[in-house]
Amino acid sequence: MVQSSQAAPESAVGTERRWWSLLGLCLVTALVWVTASDISIALPTIGRDLGGTMDTLQWAVNGYFLAGALIIVGGRVGDIYGRRLLFAIGTILILAGSVVAAIAPTPLVLIIGRVLEGIGAAAVLPTALAMIAVIFTGKQRDTAIAAWIAVCWGAQALGPLVGGAIVEGLNWRWIFWINLPIGIVALLLTWWATPETRDVHAGRRIDFPGIITLVGSLFLLSWALVQFDTLPTAGFAAMIAGSIALLVLFILIERRVASPVIKLSVFRMRRFDGAVLANLIANFVFGGVIFFMALYLQVVEGYDPLQAGLLLLPATIPILIINPLGTWLGRRFGPAWPTAIGMACLAVAAFLLLDLSGSYTQLIAPFILIGVGIGLQITPCAATAVEDPGDAGEGVVSGVFKAASMIGGSLGVAVGTAVFQSSARDQLQSILSDPPAETLAKVLDVLTGGRQLRDVAALIPGDGQKVITDVFDSAVGMAMWPTIAVSLIGVIVAIVLLRGRAPAGGSGH
C-alpha cells in the first residue's frame, strides 16, 4: 500500500512492524556510515598495497562524500517515485560499489567503487530519515529519530575500530566484502516492514540542470582544495571562482524551474538553516580529525590498524554515551544550548590537538571532548531539521540535512589536507634544501603511509624518523586551525539561528 506523506501511517503499519522497519533502516544506515569512516584506518595499508599519493588516496574518502552530496537529489527523487523503492536501489548500489572496491587492482578502481557506494548512500540517507518522519508520530518520532541519529554517528564512530579489526585480522578488502550479507538481510527486512510513501504534491519532473550545477560546484570546490598545494595561484582562484559561479547559477535555476531540486523557500526557515549549518560543521570537524588521527597513530606512532582503531575510541564512544543527554537537553531547552556547548567542546579539542609532540595520553582529553561535543548536538539538530518541512517535503529537508553531513566530511578532509600538505611541503623543502620534486614526493608519501620510512631514510639528513615525526606533528597542528575557526562559527550559528523551541504543530514534537 502506498501512503502519502500526510497519511496516518498507523493504518498501514502496526506498531510491531513499524519498529522492525526502523531496525532495517538503521542496519543499512549503519553500513553507510561504517563504510564512510572505516577506510580512514585502512588507507596506510591500502597505500602500501595499491600505491598512490595522498592526493590520490584521499579521493577514496572524498569521492564517497562528494557522491553522497547527491543526497539532496535523492530526497527529491524519493518524494516523487517512492522512498522505499529508492532506498532499495541505494542499498543495491552500496553493495555493487563494495564489490568493485573489494576487487580493485588500482587506486582508480577503488575510487570508482567508493563513488558508487556514495551514490547509494545519497539514496539511502534522505529516504530513511523521511520514512521515519512519516511512519512515526509524536514522541515515538523523537525516539525513532534519536535512535537513527545514534546509529548514524555510532557507526561512523566505530568505523575506524571495525576497519582496524578487519584489516588486522583478515585483509583490507574485507571491509567491503563484509557489507554484502549485512546489506542483503537489511534490505529484505526493510522491504517487508516498511510501507511505500511519497509526497503526493511533489511535481513529477527532475531538475537535471540544477543537479549538474550543484554537483559541479561541489566537485570544483573539493578538487581545488585537494590540489591546493600543487595548483598555481591563478588556477586555484579560477577553480574557486568556477565553483561560486556554478552555485550562483544553481540558485538562479532553482528560482525559475517548476520542479526544483530544492525549494529555496526552505532556507527562509531560521532554525532549519541553523540545524543544517551545525550538522555540516560537526561533520567537518569529525571527518578531518579522524582522517588525520588515523594516519598519525599508524604512521608516526607505529600502531597497527586494530590498535589505532582502539585508541580512537575515546573520540567515538562518548558520542553514544552523551547522545541521550543531548536529546533530553534539546527537548527541555531547545537545540541552541546543547549545540553551542557542543561546538565549544569541538573548538577546545582542536586547540589541544595543535601540539602532538607528547604521548598518546595527551590525546585522550581532546578525543573525549570531540565525542562529547558531537553527542550533545546531533539529535537536537536532526529533530529541528525535520520539525516543519513545509511545502518542501520530508524527503527534501532530510536530503539537505544529510547532504550537509557528506559535504561537511568532504570539506573537513579536503581543507585539512590542503593545509597539511602545504605546511609539510614547505618544511621539507627547507629541511632538504630545495630537493627535486621526486624526492619530495617520496618523503611526503611516508607521511601518508604510502611508503615505509626505511625506503626514504637515506634521503633525509640526520635522524630521518625524527624529522618526519616533527614535520607531521607541525603540519597536523596547522590543519587544526580551520577546525578551530569553524567550530567557533558553530557556536555563533547555534546561538543566533537555533534559539527558541519548535513551532506548535511541528513534526519534531
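All of the numbers you see were taken from the coordinates with simple rules; none came from a lab. Predicted model only: the values in this text are computed from it and were never measured. No Cβ is skipped: glycine too gets one built from the backbone with ideal geometry, and neighbour counts run over all protein chains shown.
Packing around the peptides 409-421, 322-334, taken as the average count of other Cβ atoms within 10 Å per residue, puts them in this order, highest first: 409-421, 322-334. Excluding same-chain neighbours fewer than eight residues apart, the lysines reachable from residue 402 by a Cα-Cα span under 28 Å are 139, 263. Peptide packing: for 376-383, 80-87, the average count of neighbouring Cβ atoms within 10 Å per residue gives the ranking 376-383, 80-87, highest mean first. Close amide H contacts of residue 196 (hydrogens built in the peptide plane, cut-off under 5 Å, sequence separation of 5 or more or a different chain): 3. Rounded, prolate or oblate: which fits the range 252-362, taking a ≥ b ≥ c as square roots of the Cα gyration tensor eigenvalues, rounded meaning a/c under 1.5, else prolate when a/b beats b/c? Prolate, because a/c is 1.5 or more and a/b exceeds b/c.
For the pair residue 325 and residue 192 in one chain, pulling the backbone fully straight at 0.36 nm per residue adds 44.6 nm over the alpha carbon distance.
At a temperature of 20 °C and a viscosity of 1.002 mPa s, determine how fast the range 207-258 diffuses translationally according to Stokes-Einstein, using the Kirkwood radius over alpha-carbon pairs as Rh; express D in µm²/s, rounded to the nearest whole number. The calculation lands on 189 µm²/s. First check a/c for the range 312-361, with a ≥ b ≥ c the square roots of the eigenvalues of its C-alpha gyration tensor; if it is under 1.5, answer rounded, and if not, answer prolate when a/b is larger than b/c or oblate otherwise. Oblate, since a/c reaches 1.5 and b/c is not below a/b.
Distance from the C-alpha centroid of the range 234-263 to that of the range 134-177: 33 Å, rounded to the whole angstrom.
Taking 26 Å as the straight-line reach from the Cα of residue 466, the lysines in range (excluding those fewer than 8 positions away in the same chain) are 442.
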